[in-house]
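> Here it is, the structure in full.
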Amino acid sequence: MKPIKRIAVIVSGGDAPGINSVLFGMISKNNDIEIYGFNGGYDGILNSEPIYFKDINLRQANVSGNSILQTSRSAAPRTKEGRAKIIKRLKSLGIDTLIVCGGDGSLKAAELLTEEGMPCLGIPLTIDNDIYGTEFTIGYNTAVKRVVDVLYNLHQTAHNMPGRIFMVEVFGGKSGHIALAGALAGGADIVIIPEMTRRPEDIASRIKEILKSKNDYVIIVCSESVYDTRDYIPGDQGISMEIGKKIEELIGMRVRHSVLGYFQRGGDPDPADSLLALQMGSFAIESIKNGKSGYMVGWNHHRCVLVPLSKVVSNRKELDNNLLKIALEKEMIIGNEIM
């Protein structure tokens, strides 16, 4: 097996807290591999000069949400010609393996690059937690905490002036992982997620039931992608406004909105994400030393594991069954599973 001497790292797609912890986990005094990074994701490989991590204080950066490596949504890996340029550039710099930190699209590009001659290893970095093969993605726990912090404060203002309905729209892409976990941990009454049906009439009926009980306010968490009349396009915001308007028409009460948006991506990583990222970064380097490529570093059963990229990109991650069961028992979910 040819010894690995030089590795490159990129962050691709949407940003998430914890990338600096990944890099910090890769660095070791006993590590004789040179580690470089590129700003700007895949396109940055072609358009920027590599950064040598030995020259950066990663210990201090570890606790910061200001990422050492900036990300972007890149066009280059979408075509075979673009991927050929990426491979040529990396090989000209003597890069033996590319580590890609990102979500499903970024990991798909890593799989293609590996097939076409550039060994890659993936690290799941996305707040959406929608990557198959890992229980958690880096950034997810921090994003859920952002949602929960907002819900805690809403409970207080709702208590102080009772009789109101609140709806909070959260990120998550085409999955409801953030919405479901945030709603449960934050004590919401209703959660609207893309995996389940959501008739406004049924939601309105449940709101009336809640207001007639001992609760004197209602908090609803709504995923960003629950469009029924058209497909969700990444970056869309405001579906909660549409649903809220229909609810207002049905029950004659105002719905008060909070669209959290990019607030969920920013800030310093929480301890859970920092520890997850540190372990994934360290495990990635060890795996590469052992000649592994074409895999993603996942987290399952309290430890890092390797999952083939081909399996990661061809399967859909399901919601946590335990969380889903609890939400259904508490009548937080109105509707049935969409098959």
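The values are calculated or read from the model by the stated rules, or taken from the named source; none is laboratory data. Here the structure is a predicted model, which is why all the values come from computation and not from measurement. As a convention, Cβ positions derive from the backbone with ideal geometry for all residues, glycine included, and neighbour counts pool all protein chains shown.
> Here are some residues: Lys325, Lys246, Lys317. Which one is part of a loop (DSSP other than H, G, I, E, B), under 18 Å from Ile193 (Cβ atoms) and of a type outside the set (Val, Ile, Thr)? Steps first, answer last, please.
Working: Lys325 fails: part of a loop (DSSP other than H, G, I, E, B); Lys246 fails: part of a loop (DSSP other than H, G, I, E, B).
None of the other options fit; the residue is Lys317.
> Here's something else I'd like to know. Among the residues of region 275-300, which ones are of a type in the set (Ser, Thr, Tyr) and either modelled with pLDDT under 95 or more than 19 Å from the chain's Cα centre (by Cα) (or both)?
Applying the first criterion (of a type in the set (Ser, Thr, Tyr)) to region 275-300 yields 282, 287, 293, 295.
Listed by number, the residues that qualify are Ser282, Ser287, Ser293.
> Sticking with this structure for a sec: Of everything in region 211-243, what is buried (at least 18 other Cβ atoms within 10 Å of the Cβ) and part of a helix (DSSP H, G or I)? Give them in sequence order. Talk me through it step by step, then tell me what you get.
Applying the first criterion (buried (at least 18 other Cβ atoms within 10 Å of the Cβ)) to region 211-243 yields 211, 217-226, 239-240, 243.
Answer for region 211-243, where residues must be buried (at least 18 other Cβ atoms within 10 Å of the Cβ) and part of a helix (DSSP H, G or I): Leu211, Ile239, Ser240, Ile243.
> Another question about this same structure. Can you pull out every residue in region 47-86 that is assigned to a helix (DSSP H, G or I), over 17 Å from Thr114 (Cα atoms) and modelled with pLDDT of 90 or more? Walk me through how you get there before you give the answer.
Going residue by residue through region 47-86, those that are assigned to a helix (DSSP H, G or I) are 47, 53-55, 58-61, 76-78, 80-86.
Within this subset, residues satisfying the condition of being over 17 Å from Thr114 (Cα atoms) are 47, 53-55, 58-61.
Listed by number, the list holds a single entry, Asn47.
> Regarding region 305-314, can at least one residue be identified that is on the phi > 0 side of the Ramachandran plot and either basic (Lys, Arg) or not in a helix (DSSP H, G or I) (or both)? Show your work before the answer.
Step one: of region 305-314, the residues on the phi > 0 side of the Ramachandran plot are none.
The answer is no; no qualifying residue exists.
> Oh, and also: Listed residues Arg83, Arg73, Arg59; which is in the same structural domain as Leu278 (by TED's automatic domain parsing), within 18 Å of the chain's Cα centre (by Cα) and of a type in the set (D, E, K, R)? Break it down into steps so the answer makes sense when it comes.
Details: Arg83 fails: within 18 Å of the chain's Cα centre (by Cα); Arg59 fails: within 18 Å of the chain's Cα centre (by Cα).
Among Arg83, Arg73, Arg59, only Arg73 is in the same structural domain as Leu278 (by TED's automatic domain parsing), within 18 Å of the chain's Cα centre (by Cα) and of a type in the set (D, E, K, R).
> Something else: Just to verify a result, which residue in region 159-185, among those that are assigned to a helix (DSSP H, G or I) and at pLDDT below 95, is nearest to the chain's Cα centre (by Cα)? Working first, answer last.
So in region 159-185, the residues assigned to a helix (DSSP H, G or I) come out as 159-160, 177-185.
Right, trim to at pLDDT below 95 and you get 159-160.
Details: His159: 32, Asn160: 34 Å.
Across region 159-185, the extreme among qualifying residues is His159.
> Please verify whether Val191 is within 30 Å of the chain's Cα centre (by Cα) and in a loop (DSSP other than H, G, I, E, B), treating the condition exactly as stated.
Values: within 30 Å of the chain's Cα centre (by Cα): yes; in a loop (DSSP other than H, G, I, E, B): no.
For Val191, the condition - within 30 Å of the chain's Cα centre (by Cα) and in a loop (DSSP other than H, G, I, E, B) - is not met.
> Follow-up. Within region 32-46, take every residue that is farther than 16 Å from Val100 by Cβ and surrounded by 15 or more Cβ atoms within 10 Å (Cβ to Cβ) and give me the one that is modelled with the lowest pLDDT.
Of the residues in region 32-46, the ones farther than 16 Å from Val100 by Cβ are 32-34.
Checking which are surrounded by 15 or more Cβ atoms within 10 Å (Cβ to Cβ) leaves us with 33-34.
Working: Ile33: 89, Glu34: 92.
Residue satisfying both the conditions and the ranking: Ile33.
> Does at least one position in region 293-309 carry a residue that is in contact with a Gly (Cβ under 8 Å, 6 or more places away or on another chain) and among the basic types (Lys, Arg)?
No, there is no match, as no residue in region 293-309 is in contact with a Gly (Cβ under 8 Å, 6 or more places away or on another chain) and among the basic types (Lys, Arg).
> Please go through region 106-156 and give me each residue that is farther than 17 Å from Asp270 by Cα, of a type in the set (Gly, Ala, Ser) and within 18 Å of the chain's Cα centre (by Cα), ordered by number.
Ser106, Ala109, Ala110, Gly122, Gly133, listed by residue number.
> Follow-up. Being under 22 Å from Glu169 (Cα atoms) and within 15 Å of the chain's Cα centre (by Cα) narrows it down to one of Gly335, Gly266, so name that one.
Working: Gly335 fails: within 15 Å of the chain's Cα centre (by Cα).
Result: Gly266 is the single residue among Gly335, Gly266 that is under 22 Å from Glu169 (Cα atoms) and within 15 Å of the chain's Cα centre (by Cα).
> Give region 87-96 a look and list any residue that's touching a strand residue (DSSP E or B) at 6+ places or on another chain (Cβ under 7 Å) and not in a loop (DSSP other than H, G, I, E, B), or say none. It would help to see each step written out before you state the result.
Step one: of region 87-96, the residues touching a strand residue (DSSP E or B) at 6+ places or on another chain (Cβ under 7 Å) are 90, 94-96.
If the condition is that a residue be touching a strand residue (DSSP E or B) at 6+ places or on another chain (Cβ under 7 Å) and not in a loop (DSSP other than H, G, I, E, B), then Leu90 is the only one that fits.
> Could you list all residues from region 247-269 that are in contact with a Pro (Cβ under 9 Å, 6 or more places away or on another chain) and either at positive phi or at pLDDT 95 or above (or both)?
Going residue by residue through region 247-269, those that are in contact with a Pro (Cβ under 9 Å, 6 or more places away or on another chain) are 247, 249-250, 265-269.
Across region 247-269, the qualifying residues are Ile247, Glu249, Leu250, Gly267.
> Quick check: is even one residue across region 252-262 within 25 Å of the chain's Cα centre (by Cα), within 30 Å of Met26 (Cα to Cα) and part of a helix (DSSP H, G or I)? Reasoning before the result, please.
First, the residues of region 252-262 that are within 25 Å of the chain's Cα centre (by Cα): 257-262.
If we keep only those that are within 30 Å of Met26 (Cα to Cα) as well, we get 262.
Filter again for part of a helix (DSSP H, G or I), leaving 262.
Yes - at least one qualifying residue is present in region 252-262.
> Residue pairs, Cβ under 7 Å, 6 or more apart or interchain, first in region 1-25 and closer than 13 Å to Gly41 by Cα, second assigned to a helix (DSSP H, G or I) and of a type in the set (S, T, N, Q). List them.
Ser12/Ser106; Gly13/Ser106
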